[in-house]
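All of the numbers you see were taken from the coordinates with simple rules; none came from a lab. The shown structure was predicted, so the numbers you read here are calculated from the model rather than taken from an experiment. Cβ atoms come from the backbone with ideal geometry, glycine included; neighbour counts cover every protein chain shown.
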Amino acid sequence: MTPEKLRALFGGLQVWQRQGRRAPHKCLLALWAIGRCLSGESRMAPYRLVDERLTELLREFGPPRRSVHTEFPFWRLQHDGVWVLDRTDGITLTSSGDAHKTSLLRAGVRGGLTEDIYDTLRANHRLATQVASDLLAAHFQETQYDDILQRVGLDPDFAAGRRSTMRDPGFRAVVLRAYEYRCAVCSFDVRIGTRPVALDAAHIKWHQAGGPDDIQNGIALCVLHHKLFDAGAFTISRPVDGGVVLVSEEAVGSSGFSLVSRICG
Ligand SMILES: [Zn+2]
C-alpha cells in the first residue's frame, strides 16, 4: 500500500458527530492499534482486551458519558478499510447493524489492523508518525496530544519526529496510583468525575537519559511542577533516597517557591 493511500484511509474514518464534536472512539482505537504495531505486539487483539483498554482511553479522553461503548468502534472500524476481525459468523447484530457486546465477548472475536497496513507501518515509522499526528489533529485538542500518545504507548517525542523509543503505557497508571493521584510537591488533586486532570507521571531520571519506566523512577506531578521540574527549577531525589525536592540555585522569582520546598513521596 502506498503511504498516500494509507494516510487517506485513516484520514477518511467515518465518525459520528454530535454538538459539533466528533466521536473519538475510532480514532482512539486506531491510535492504540498503531501503538501496538510499533511496539511489536501481535496484530490481532481479543475484544476483551480492546474493551478494557479502549474504555480507559474513552473515559480519559472522550466526552463525559455514563456508559462507554467499545463494541461500536471495534465493529464499525472494519468498514473503513483499516481494520479486520478474525470472525464475524455467529455474531448477533442490533437493528442498526452493530454487534452486541456480549456476543463479541462470548465468541472471543479478535480484531486488528489489516495485514497490509500493519506491515507497512511496522516498516515505516515515519509514516506511522504522520498517521498518528493526522488522527490527533483531526480529533483532539493540542493539549491532549502528549497524554494520548503516552497512553497508547507512542512517545510524544516520537510523534514529533525526534526519536522512536517506546514508553510503557502502564507507567502513568502505576505512578499516579502510587501517589494517590496527587502532585507529590503541592498535593494538587483536581478531578473531573474520577479522571485526574493536569496531573502527570514524570520520570525522575529523564527517559532521554535512560531513565526506566519503573515505579522507582516515577513521580506524580501537576503540570506546573512537571514543567518546572523538566526546566530544571528543582530536582528530586528518588523516593528510596528520601524523595527530597531540591530547588535549583539558578531558580529565582518573587513568589511560588513555597510550593517547591516540601518533601515528596
Ligand atoms: Zn504541583
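In the range 3-159, Cα pairs under 8 Å separated by at least six residues give a relative contact order of 31 percent. Close amide H contacts of residue 200 (hydrogens built in the peptide plane, cut-off under 5 Å, sequence separation of 5 or more or a different chain): 221, 222, 223. Magnitude of the charge dipole for the range 3-159, about its Cα centre and with charges confined to Cβ atoms of Lys, Arg (+1) and Asp, Glu (-1), is about 500 debye.
The magnitude of the dipole of the chain, with charges of +1 and -1 set on the Cβ of Lys/Arg and Asp/Glu and taken from the Cα centre, is near 660 debye. Here the 3J(HN,Hα) profile of the range 118-128, calculated from phi with Karplus coefficients 6.51, -1.76 and 1.60 at θ = phi - 60°, is 4, 5, 5, 5, 4, 8, 9, 5, 5, 5, 4 Hz, Gly and Pro shown as x. Between 49, 11, 92, the Cα set farthest toward the positive side of the dipole of the chain (charges on each charged residue's Cβ, about the Cα centre) is that of 92. Output the relative contact order of the chain, whole-number percent, from Cα pairs under 8 angstrom with separation of 6+ residues. Averaging sequence separation for qualifying contacts and normalising by length gives 14 percent for the chain.
Using +1 at the C-beta of Lys and Arg and -1 at the C-beta of Asp and Glu, which of 103, 81, 68 has the Cα lying farthest in the positive direction of the dipole of the range 59-109? Sorting the options by dipole projection puts first 68.
Footprinting exposure proxy ranking of 214, 51, fewest other C-beta atoms within 10 angstrom first, gives 214, 51. In angstrom, the C-alpha Rg and Dmax of the chain are 20.4, 68. Straight distance only, please: which aspartates and glutamates reach the Cα of residue 227 with their own Cα at less than 16 Å, same-chain residues fewer than 8 apart left out? Leaving aside aspartates and glutamates fewer than 8 places away in the same chain, those within reach of residue 227 are 146, 147, 157, 200, 250.
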